[in-house]
Each structure stands twice: as structure tokens, then as C-alpha cells.
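Structure, as C-alpha cells:
Derivation of every value follows stated rules applied to the coordinates shown; laboratory data play no part. Fair warning: this is a prediction, and the values are worked out from it, not measured in the lab. Note that each Cβ is placed from the backbone with ideal geometry, even for glycine, and that neighbours are counted across all protein chains shown.
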Amino acid sequence: MRLYYPENALITQLPTLMKKLLNIVSFLALFILPGILSAQEATDVLATVTEAAEAVAETAELSSSNTAWMLTATVLVLFMTLPGLALFYGGLVRAQNLLSVLMHCFAIACLASVLWIAGLYSIAFADGCDWAGGLEHFGLKGITTASMAGDIPETVFIMFQMTFAIITPGLIVGAFVERMKFSAILLFTALWLVLVYAPVTHWVWGGGWLQARGTIDLAGGIVVHATAGISALLLAKFVGPREGFPKKLHVPHSPGMVMIGASMLWVGWFGFNAGSQLAANEAAGMTMLVTHISAAVASLTWMTIEWIKTGKPGLVGIVTGMVAGLATITPASGNVGPLGAVLLGFLAGVVCYFMCGIVKGKLKIDDSLDVFAVHGVGGIMGTLLVAVFGTAAFGGTGVEDMFGQLTTQAIALAAVIAWSAVATVIIVLVCKFTTGLRVNEETEFTGLDSAEHGETAYHFE
């Protein structure tokens, strides 16, 4: 992800340097110019210099076009979770659990937002060591309307990154739907954001050790999808399968809702990927293009495989393929060209499709909505293959040494997956011995909507 460093000396000091230069020029003009030029000529020269200096300083401080785009991208990424992910997941569960899924996504969005401003932003992006940011921005201390992140307001950057912190734990919801306590979900989310998401964000995007190694991850193949995917897989294992798994799999109660939610994800993903360029420029345009191509190719690939295997192309299948294509292109979207996007989309459709069966059938893990198989595997695959498809041979840019970059990507993935796994196990144990993880059998049978939240999605009176 092409990010700024919050205390970047050049950016933050440029307006001050321009003002000092202006004062020096003004001083020289007052004492030297009158001896050479007429008073009027000196005034004109001084006015010209002043105007030029102020114009440069203003340009260095704020880009209205980039700010407008980042405001839009921020809204799009939030739109991915609310309502996109909520409806996508909600349609995939049984009718008596629809409201619980919507509640999970909404509550996580609120909780992540509060934690982000309280301290997570500082851990992720403030100056610190290779492993974590400092404490200088706890409670957004020191952040004002004058604070800048490159050529956009830092407040906009904070909001944009907040939406990433919202959707990442939101993705994990798909692993434990229909059986996990709401209190445990809130506790798990809070601890996971502190121990996993914020540190890894600093490693990759905030000036940490993986960014220093040259790790490529434009919009979250590592930070978002790998962390959420491996944590979801382990959490699903600890919580345990739903009744009757794997012989009895619950069918989605509303495929139409699934499609609507997935379509919102598709639209919002342009803010996710193209917004991560932090500018309204040619790079953002290419990122948007390859994101769309990968999603379309993956959708058709998934549909075709399903059509061949079952004899019928399904709606849920084609939109799930789309999500796999988006997850896979995400880390590579800043480096690949159209050809790379086609290849990544095809691989996403094939690999993620069969991984769904492997996780449930071979590993016997009830990752209910295929978080690991789609998001985790897709993000990991895209993170590795950017080293291949980001080369000029495949129409990409930014990768000169394929094998060297592949090594860098693999090391980053190994470190992040290991850290996420260990932290997730610790968090699960904390939840297990405090709130407990799973609802009782009666609640699971009747549904979480009524038992946990006292409401019902559909009334037929």
C-alpha cells in the first residue's frame, strides 16, 4: 500500500520552509531592490515572489482532487461492510439467524471505530519501532484539521484506514455464524484488533519491518485477507461445527440477498483497492481496471466449474467466485496489468472453489461461509503471485527480481500467518474462560435472532 509516514519531514516541513524562504526574499527585496529598481518595480517583483511562494506552499499542503477521491473511497469501503458484507453473509445463513449476522457486522463496525480512534491508529501508523507505532496519537492526540497525510488531510486518512479495520474482523464473522455467543464475538474482536490487526498494519503499511523489506501489499492481501483467513479457520475449529456437519449443510435462506450484498462488495471494492493509491491518478485507474477484470473472470470460472460438476450454474456460486477474484487481486492490484488480472481471476476461481471442499471435507472444519477458502487462500495466492505477474513479462510494473520478490512475499506471509495463529489461539482461550464461546444446543436449534437479540427477521402473521 503506497502510504505516507505521519511525521514525514519533507511533507510536514515544506510549508514552514516556504514561509521562511518568503521572509528572506522579502527582507532582501526591501533593502536591495529599491537601489536597483524603482519603488513600483520592487513592489511588483515582491508581489510576484510572494504569490509564487504561497502557491507552492498551498499545493504542497492540499490536493482538492485527491482529497475528494479519498472521501469517496472511504465511503465505498464502509459501504462494503454496511450493508454489503452484512447482507452477503446474512443471506447465506438460515432465516432464524439473519438478524444475528446483521447485528455482528454492525456492532463490529461500531466497536472497531471506537478502538481505532482510542489507540489502534497510533499503534498502526504513528512513528515507533519496527514492530508497532508509538503512543503519540492515542485518542487522536495531536491530530487537527491542519494535520496532513501527504496531500490529503490526515483526518481523511484516519477515516479511510478505519474502514479497513472495520471490515477485516467483519470477514471473520463468516466462520462462526449460527453458533457463537455475541459477548464472545465482541471480546474476540476487540482483542484481535489490538493484538493482530494493528501490529500487522504497522509492519506492512506503517513503516514497520515488512515494509522496510519491500513487501508488496497494496490493499490488504496480507493485512486483511491473510490475517482474517487464518484466524477464521482456527476460530471455526475451536468453536466446533454446527449440528450434522459435514453430512448436513444448511442451504442459504436467501440467495437473492446474497447476490445483492455481493454486488455491494464489488462496487465498494473499487474504493478498497483504487483508494489505496491515495490519489486520483493513473495508478488508481489501472488498479480499478484490474480489480474489475479479476472479479469478472473469477466469477465465470467458478460458475463454469460448478456447472460442469453439478449440471447447473448457481447464483450463490457465481457471486462467491467474484469475492474470490477480488480477494486475490487485492494485494497485486497496484502492480499487475490486465493480463495478470485475467490470470489471477482464473486461478482464484479454480483454487478457491476446490479449497472450499478441502476445508469442509478433508480438514473437517466448519468454516461456515468459507472465509479461509475464499478470503484467506485468495489473499495469500495474490500476495505470492504479485511477484510473478507484477513483472514486465506479464504486463506488470514494480517487480524487477521475481525470485527475490517472491522470497520477500513468502517471508512476510509466514510471519503474519504465524503471528495471527498464535494470537488467535490466545484470544480464543481468553474468551473461552471468560464469556464462553458457544451458545447452548437449544439456542443453536431455534436460532440466535430470538435467543440472543429478542427479535425475528420475518413475521408471517
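A few points about this structure:
- A cut-off under 15 angstrom between Cβ atoms defines the neighbours of Ile358, and their net charge, with Lys, Arg +1 and Asp, Glu -1, is +2.
- On Cα atoms only, tilt of 98-115 relative to the major axis of the chain in degrees: 30
- Segment 104-139: chymotrypsin sites (Phe, Trp or Tyr not before Pro) in DSSP coil with no more than 13 other Cβ atoms inside 10 Å: Trp131
- Estimated [θ] at 222 nm from DSSP helical runs (n ≥ 4, -39500 (n - 2.57)) normalised by residues in the chain, nearest 500: -21000 deg cm²/dmol
- Anisotropy class of segment 224-277 from Cα gyration tensor, a/c 1.5 cut: oblate
- Distance between segment 260-314 and segment 161-190 - C-alpha centres, whole angstrom: 23
- Which label in (1) 95, 49, 46; (2) 82, 53, 42; (3) 84, 56, 42 gives the computed Cα extents along the principal axes in Å: (1)
- Under 21 Å, Cα to Cα: Lys pairs in segment 66-452, sequence gap 8 or more or different chains: 19
- For Met148, residues with placed amide H under 5 Å, excluding near neighbours: Glu154
- Length gained when the stretch Thr67-Ala146 is fully extended (0.36 nm per residue, less Cα-Cα span): 27.1 nm
- Long-range HN-HN contacts of Met180 with modeled amide H, under 5 Å: Val439
- In this simple spin-label model, placing a label point 7 Å from the Cα along the Cα-to-Cβ direction at both Ala410 and Thr155 gives a separation of 4.7 nm.
- Loop-resident sites, segment 324-407, for trypsin sites (Lys or Arg not before Pro), counting at most 13 other Cβ within 10 Å (DSSP): Lys364
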